[in-house]
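Structure, as structure tokens:
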Amino acid sequence: MFRFLVILLLCGGLHAPRGSAAEPPAELRWIDLTQLPVEGRGWTNTRSCFDRLPASAQGQVPESVWNLSQQSAGLLVRFRSDSPSLSVRWTLTSSELAMRHMPATGVSGIDLYVRTGPTTWRWLAIGQPNSVTNEVRLFSGLPPENREYLLYLPLYNGVRSVALGIPPNSRLEPAGPWGPGDRKPIVFYGTSITQGGCASRPGMAHVAQVGRRLNYPTINLGFSGSGRMEPALGELLAQLDPSVYVLDCLPNLNAALVTERTEPLVRQLRAAHPETPIVLVEDRNYTDAFLMAGRQQTNRDNHAALRAAYERLRADGVKHLYYLPADRLLGSDGDDTVDGSHPTDLGFRHHADAFVEVLSPLLKL
């Protein structure tokens, strides 16, 4: 019976606990994550269970969006296990494990959390990638107890396969719901920041933080450099049935495009979902804009264009529309980005604080 229960697992992958490179024990039962539902997916008709857009989107969305949709940002697996140890092996789609301004643990690593209370998750282990294919022991020696775990996949790489390894006599099974009631996912559509650049590990991206703090499923549709509010993306977003839409594309737009594309996108979504809240998000203020006049002007122009679109929509009777200003997204000292734009873990914590404050009342939490 234990063997049958264990075969029920789905896509994920980790590395060694606390970054150790210890070899996993020889006798393990390996569970392919494709045997469990992978969370963070808006569609099931994908080429791979680790893709973020349906197969039908190829050729319909810009090529850059399609390519980025094969990176596994926001995908996760929740499971319960009584195992005293956990190993992981995963194969990536790209040998580029890191970027100049983002570590391999965030780009290509796998991140593990454990639930310690009804609404509390704590970090437990990070899978540090050393090559395209990795196999690592995440933890060992835990006292036997049935615990709930949350496993995040890489932010800026894709995965071909992921498997979890546990001792033969241990159990592993899907977790239950996130919380009480009908918890439809929060859909985030945006840019590289939404995708998770430049978090040190997948669980630190603000989309992931919001999910854990609100105990709500999330869908991450962040596309680095390519969150541009095209009609084709609007059509895809309208196919979903979320609890809230979060539109956070301004870092990839100029004021003219904000003016051109915001209202049509909101109307696309509102036509499909008359009652679903929509949150419009200003682009974060560049943290060097206090001295860089051009950067400051870009922020001002974008913010003014988005605020004007918001006011026009409201005046035209569009309901359930909300607004998140830029000055709530980052701190005031400039220490929470790597390059004036992309957040560090501290910057993502500030982002998460702002989003939780806006989203909590919309979800009636």
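Quick one: dipole size for the chain, taken about the Cα centre, charges +1 on Lys/Arg Cβ and -1 on Asp/Glu Cβ, in debye to the nearest 20.
On the way: 35 positive and 35 negative charges, 141 e Å.
Around 680 debye, computed over the chain.
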Q) Dipole of the stretch 133-180, Cα-centred, from +1 at each Lys and Arg C-beta and -1 at each Asp and Glu C-beta, to the nearest 20 debye? A) 100
Q. Helix 345-362 sits at what angle to the longest principal axis of the chain, using alpha carbons and giving 0 to 90 degrees rounded to 10?
A. 70
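In the stretch 186-362, what % of DSSP beta bridges are antiparallel (nearest 5)?
In the stretch 186-362, DSSP labels about 5 percent of beta bridges as antiparallel.
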**Q.** Cα gyration tensor shape for the stretch 71-119, rounded if a/c is under 1.5, else prolate or oblate
**A.** prolate
Q) What FRET efficiency would be calculated for the residue pair H320, E27, taking the C-beta separation as r and a Förster radius of 41 Å, to the nearest 0.05? A) 0.15
**Q.** Amide H partners (placed H, <5 Å) of G127, local residues excluded
**A.** H15, I110, D111, L112
Q: Take every Cα pair under 8 Å in the stretch 186-362 that's 6+ residues apart, average their separations, divide by the length, and report that relative contact order as a whole percent.
A: 26
Q: Within 10 Å of each residue's Cβ, count the other Cβ atoms and sort Y286, Y323 from fewest upward.
A: Y323, Y286
Q: Enumerate by residue number the trypsin sites (Lys or Arg not before Pro) in the stretch 70-136 meeting two conditions: DSSP loop (anything except H, G, I, E, B), and at most 11 other Cβ atoms within 10 Å of the site's Cβ.
A: R100
Q.
Rounded to two decimal places and with Rh computed the Kirkwood way over Cα pairs, what is Rg over Rh for the stretch 186-362?
A. 0.94
Q | MRE, 222 nm, helices only [DSSP H, n ≥ 4, -39500 (n - 2.57), over the chain, to nearest 500] | A | -8000 deg cm²/dmol
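Taking every DSSP beta bridge with both residues inside the chain, roughly what % is antiparallel (nearest 5)? Show your work: numbers first, answer last.
Values: 40 of 58 bridges.
Here the antiparallel bridges make up roughly 70 percent for the chain.
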Q) Given 20 Å bins starting at zero, what is the percent of C-alpha pairs of the chain in each, up to the one with the largest pair distance? A) 31, 57, 12, 0
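Readers should treat all values here as calculations from the given coordinates under stated rules, not as data from a laboratory. Keep in mind the model is a prediction, meaning the values are calculated, not measured. Methodologically, a virtual Cβ is constructed for each residue, glycine included, from the backbone with ideal geometry; neighbour enumeration extends over all protein chains shown.
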